[in-house]
Amino acid sequence: MGSFHLTKMSFKNLFSKPATKLYPIEPPVYTPMTKGRVVVDMKECTLCSVCEKKCPSSAITVDKPGETWTLNPFACVQCYACVRVCPKDCLTMLADYTPSATKKSLVIEKKPELTPEEKAAKEAKDKEKAERVAAAMAKKAAKDAAAKAADDTK
Amino acid sequence: MGKRTVIPFGPQHPVLPEPIHLDLVIEDEKVIEAIPQIGFIHRGLEKLVETRDYQTYVNITERICGICSFGHSLGFSQTIEILMGIEIPKRAEFLRVIWHELSRIHSHLLWLGLLADAFGYENLFMQCWRLRERVLNIFEQTTGGRVILSACNVGGVLQDISDEDLRGIVQILDGLRDEYGDLLDTFLYDRSVESRLGGVGYLSKQQAEEFAIVGPFARASGVIEDVRMFGHGGYGALEDFEPVISTRGDGYARCEVRALEVLQSIDIIKELVGKMPDTPISVAVKGSPEAGSRSASRVEQPRGECYYYSRGNGTKFLDRFRIRTPTAQNVAGMVATLQGCDLADVPLNVLTIDPCISCTER
């Protein structure tokens, strides 16, 4: 048993850099992994609502007809589940935290308005899809009719 | 003989980080009897298994307690894996043990700091928490969270640690070990620490076995009891595991056991990093636990053995989930140490069992 075992460390502390940061004068350092807040890229988002289903705290609401994606930042627990399951990789977890607020407000993201070119491309794509569906349905109807005719002849 | 008085202690008290109430029956500054009462922060988390499916419930188990957060998610995942007969990859088992042992280091450093603070050694408290910060930084670098890690799920782990990062962790822990040596010297060989803790809150081995005390509290009374020595999961890959035991049974012994367990955890992490297999980190889990299937598992939390029980009902929701936490066992031992002690030693006795009331009340 002795005394003053901590003296060496205490003296070292006098001449070393402080272990703490002068926050908020010095900005905090986040790691690339830090789970801060979720943001969505609405250009890529297809409003598939997988993130809404997987969210353990029901913080995300997806309104497909209204084309909005809503996050309640006060309910979000930064579990990363939504970012992990997103099929389009349009959700990102940023390292910085949600800024403090005086009111509990929601983050509502709306699908951006399309430019004329994008609108035309989308219409063309929809038209092509509709044609593809119609062709597939016609093919299926023909196949069914042939099968029925074969049954009748039996 | 003085007059008997009852002094209420808690639920709010400077030495208590969490609410527990004790009715202390005092006679001549000596505690004759202590009657504990809990139930101030009950949240009904076990009941939530009926409304949250077993994959989502991991996020809730993590929030049972801030200090043993990873341990609870590990215990729950382990129980469901036994229930559904899932075998997880070796790398996932090793990563789980690494995070769990890091949690133990951070929990013990936190407790050692609180203990130093309780006996008035502010400088020691500050140094312990300074070192603990490095472990929290490792958590942040590897999982993105400092307290709630969200790294463990049923079927494995959600995040991998690259081999380079693992070597980085070992380097950080080597640095921590060097500096921790000075703190260890102070805790074990400083006269002021010994004179404050020596002989305070004595619990014999027989009493510890009688009350089924678990964790460092039991090991400080000479009971050889540690779930890690059964070699479940990643612990099975360890060459040799000997629990840290002390036979003194007093506050000093509890401090000694926890202080030495920090070094033991560093050794475990280093050994597992050296043996890390190159396998996937998780397996896909589909389906639900069968109706009537039951499983139980145990995890050595920083505070002792924690028992988990689950029962399936054929759906993705569980029929029942039960956690018996180490503090639930240790409260009986704490009451035994309080009987006959001085009033001034009550805060120290309560602290030396490292009570975690949030875990206990779930």
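Annotations for the structure displayed:
- Residues in segment B:214-222 carry Karplus couplings, in order, of 10, x, x, 4, 6, 5, 6, 9, x Hz; the curve used is 6.51 cos²θ - 1.76 cosθ + 1.60 with θ = phi - 60°, and Gly or Pro positions show x.
- For the segment B:153-161, counting C-beta atoms of other chains within 10 Å of every residue's C-beta and taking the mean gives 1.
- Separation of the A:Asp152 and B:Gln37 label points, Cα + 7 Å toward Cβ, nm: 8.7
- Given chain A, longest segment not containing exposed loop GluC sites (Glu not before Pro) (DSSP; at most 13 other Cβ within 10 Å): A:45-112
- MRE, 222 nm, helices only [DSSP H, n ≥ 4, -39500 (n - 2.57), over the protein assembly as shown, to nearest 500]: -14000 deg cm²/dmol
- The residue among A:Thr34, A:Thr102, A:Cys51 whose Cα reaches farthest toward the positive pole of the charge dipole of segment A:29-112, with charges on the beta-carbon of Lys, Arg, Asp and Glu, is A:Thr102.
- Rounded if a/c under 1.5, otherwise prolate or oblate - chain B, Cα gyration tensor axes: oblate
- Rounded to 10°, Cα long-axis angle of helix B:69-84 versus longest principal axis of chain B: 50
- Cα-Cα over 30 Å, subset of A:Lys53/A:Lys139; A:Lys53/B:Lys47; A:Lys110/A:Lys139; A:Lys127/B:Lys286; A:Lys53/A:Lys110: A:Lys53/A:Lys139; A:Lys110/A:Lys139; A:Lys127/B:Lys286
- Peptide B:172-183 has a mean shielding of 1, counted as Cβ atoms of other protein chains within 10 Å of each residue's Cβ.
- Size of charge dipole - segment B:175-321 - debye, nearest 20, with Cβ of Lys, Arg +1 and Asp, Glu -1, no other charges: 780
- Largest first, the residues B:Tyr57, A:Tyr80 sort by 1.4 Å accessible area into A:Tyr80, B:Tyr57.
- 15 Å cut-off, amide nitrogen to a point 7 angstrom out along A:Glu118 Cα→Cβ, residues in segment A:49-80: A:67-69
- For the residues of B:115-124, the average number of beta carbons from a partner chain within 10 Å of their own beta carbon is 1.
- Acute angle (nearest 10 degrees) that the helix B:251-274 long axis makes with the longest principal axis of chain B, alpha-carbon atoms: 20
- Rounded Å value of the spacing that divides the Cα centres of segment A:37-55 and segment B:331-351: 53
- Comparing Cα centroids, segment B:176-244 and segment A:107-154 end up 70 angstrom apart.
- Accessible carbon and sulfur surface of the protein assembly as shown relative to its total accessible area, %, 1.4 Å: 54
- With each label modelled as a point 7 angstrom along the Cα→C-beta vector, the B:Glu164-B:Lys286 pair spans 3.6 nm.
- Prolate/oblate/rounded label for segment B:183-295 (Cα gyration tensor, a/c 1.5): oblate
- Selection from B:Ser282, B:His232, B:Pro36, by position along the positive dipole direction of segment B:4-361 (Cβ): B:Ser282
- Taking all protein chains together, A:Met42, B:Met229 sort by accessible area into B:Met229, A:Met42, largest first [probe 1.4 Å].
- Taking 7 Å steps out from each Cα toward its Cβ at A:Lys8 and B:Arg294 produces label points 5.6 nm apart.
- What separates the Cα centres of segment B:245-316 and segment B:46-118 is a distance of 8 Å.
- Rounded if a/c under 1.5, otherwise prolate or oblate - the protein assembly as shown, Cα gyration tensor axes: prolate
- Cβ crowding within 10 Å averaged over residues, with B:261-273, A:134-146 ranked highest first: B:261-273, A:134-146
- Once the convex hull of all Cα atoms in segment B:283-330 is built, its volume per residue stands at 86 Å³.
- Here the peptides B:26-35, B:296-305 are ranked by packing, the mean other Cβ count within 10 Å, and the order with the highest first is B:296-305, B:26-35.
- Charge-dipole axis of segment A:113-154 as Lys and Arg at +1 and Asp and Glu at -1 on Cβ define it, positive-most pick from A:Thr115, A:Ala145, A:Ala134: A:Ala145
- Highest-first arrangement of B:244-255, B:80-91, where packing means the average Cβ count within 10 Å: B:244-255, B:80-91
- Cut-off under 5 Å, modelled amide H: who pairs with B:Glu305 long-range: B:Gly215
- Nearest 10 degrees, 0 to 90: helix B:326-338 Cα axis against chain B principal axis: 10
The values are calculated or read from the model by the stated rules, or taken from the named source; none is laboratory data. Worth saying up front: this structure is predicted, and the values here are computed from it rather than measured. Backbone-built Cβ (ideal geometry, glycine too); neighbour counts: all protein chains shown. Ligands, DNA and RNA are stripped out before the accessible areas are found, and what is left, the full protein with its side chains, is counted by its heavy atoms. Shrake-Rupley method; radii C 1.70, N 1.55, O 1.52, S 1.80 Å.
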